[in-house]
1. Examine segment 93-115 for a residue that is over 20 Å from the mean Cα position of the chain (by Cα), surrounded by fewer than 19 Cβ atoms within 10 Å (Cβ to Cβ) and farther than 29 Å from residue 37 by Cβ, and state whether such a residue exists.
2. Against the condition loosely packed, with under 11 Cβ neighbours inside 10 Å and farther than 22 Å from residue 85 by Cβ, how does residue 131 come out, does it pass?
3. Are any residues in segment 134-144 surrounded by fewer than 17 Cβ atoms within 10 Å (Cβ to Cβ), part of a helix (DSSP H, G or I) and either within 19 Å of the chain's Cα centre (by Cα) or outside the structural domain of residue 79 (by TED's automatic domain parsing) (or both), and if so, which ones?
4. Hey, can you tell me all the residues within segment 51-71 that are surrounded by fewer than 16 Cβ atoms within 10 Å (Cβ to Cβ), at negative phi and either outside any loop (DSSP other than H, G, I, E, B) or within 14 Å of the chain's Cα centre (by Cα) (or both)?
5. Does any residue of segment 38-50 turn out to be in a strand (DSSP E or B), touching a strand residue (DSSP E or B) at 6+ places or on another chain (Cβ under 7 Å) and under 28 Å from residue 122 (Cα atoms)?
6. Could you tell me whether any residue of segment 78-85 is at pLDDT 95 or above, in a loop (DSSP other than H, G, I, E, B), assigned by TED's automatic domain parsing to the domain that holds residue 144 and more than 30 Å from residue 134 (Cβ to Cβ)?
7. Suppose the filter is touching a helix residue (DSSP H, G or I) at 6+ places or on another chain (Cβ under 6 Å), farther than 29 Å from residue 91 by Cα and in contact (Cβ under 8 Å) with a residue 24 or more places away in the chain; does residue 129 pass it?
8. Among the numbered criteria (1) in contact with a strand residue (DSSP E or B) (Cβ under 9 Å, 6 or more places away or on another chain); (2) in the same structural domain as residue 5 (by TED's automatic domain parsing); (3) under 20 Å from residue 142 (Cβ atoms), which single criterion is violated by residue 25?
């Protein structure tokens, strides 16, 4: 695979390689591409990896900087099973749920796990229907596609 001109660079305290392996395990078309060790150490310093075809670089650089919500991974999912699987995987070992499809993994990076159908609903010319879907989403922690579809159609959500 040719190297992308622009890659997202992620800063970790000490677990860049562990995090990269965690992310790679969650997505198809993913791999650890290179691990560069610090001179005289077995610990990874730089990790190049690919998630779902997108290339990233991670670095173990200490606790000086930490992730915050101004940066997040936006992941579109094909169905509820995909939403559920990614949600569970990314929360493993210390992640925290937020609201409206957001979560933080154990390293503090924010992820938005969003069903593709919701994005289609937001693009609808039927603004009343898209508004109902938006209102339903605002009440959710993890996305519930069946509830979104009911809201979009104007049906009561049980």
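The values are calculated or read from the model by the stated rules, or taken from the named source; none is laboratory data. Since this is a predicted model, take the numbers as computed values, not measurements. Backbone-built Cβ (ideal geometry, glycine too); neighbour counts: all protein chains shown.
1. In the first step, residues of segment 93-115 are kept if they are over 20 Å from the mean Cα position of the chain (by Cα); the result is none.
Looking through segment 93-115, none of the residues is over 20 Å from the mean Cα position of the chain (by Cα), surrounded by fewer than 19 Cβ atoms within 10 Å (Cβ to Cβ) and farther than 29 Å from residue 37 by Cβ.
2. Values: loosely packed, with under 11 Cβ neighbours inside 10 Å: no; farther than 22 Å from residue 85 by Cβ: yes.
No: the conditions fail for residue 131.
3. Once the filter is applied, which keeps residues that are surrounded by fewer than 17 Cβ atoms within 10 Å (Cβ to Cβ), part of a helix (DSSP H, G or I) and either within 19 Å of the chain's Cα centre (by Cα) or outside the structural domain of residue 79 (by TED's automatic domain parsing) (or both), segment 134-144 yields only 138.
4. Filtering segment 51-71 down to residues surrounded by fewer than 16 Cβ atoms within 10 Å (Cβ to Cβ) leaves 52-54, 59, 61-66, 68-71.
Narrowing further to those that are at negative phi: 54, 59, 61, 63-66, 68-71.
Selection gives 54, 59, 68, 69, 70, 71.
5. Restricting attention to segment 38-50, the residues satisfying the condition of being in a strand (DSSP E or B) are 44-50.
Subset that is touching a strand residue (DSSP E or B) at 6+ places or on another chain (Cβ under 7 Å): 44-50.
With the extra rule that they be under 28 Å from residue 122 (Cα atoms), the set shrinks to none.
Within segment 38-50 (the criterion being in a strand (DSSP E or B), touching a strand residue (DSSP E or B) at 6+ places or on another chain (Cβ under 7 Å) and under 28 Å from residue 122 (Cα atoms)), the answer is no, since none of the residues qualifies.
6. Pass one, segment 78-85, residues at pLDDT 95 or above: 78-85.
Now drop any that are not in a loop (DSSP other than H, G, I, E, B), which leaves 78-79.
So of that shortlist, the ones also assigned by TED's automatic domain parsing to the domain that holds residue 144 come out as 78-79.
Filter again for more than 30 Å from residue 134 (Cβ to Cβ), leaving none.
For segment 78-85, residues at pLDDT 95 or above, in a loop (DSSP other than H, G, I, E, B), assigned by TED's automatic domain parsing to the domain that holds residue 144 and more than 30 Å from residue 134 (Cβ to Cβ): absent.
7. On the way: touching a helix residue (DSSP H, G or I) at 6+ places or on another chain (Cβ under 6 Å): yes; farther than 29 Å from residue 91 by Cα: yes; in contact (Cβ under 8 Å) with a residue 24 or more places away in the chain: yes.
Yes: the conditions hold for residue 129.
8. Evaluating residue 25 over (1) in contact with a strand residue (DSSP E or B) (Cβ under 9 Å, 6 or more places away or on another chain); (2) in the same structural domain as residue 5 (by TED's automatic domain parsing); (3) under 20 Å from residue 142 (Cβ atoms) leaves (1) as the failure.
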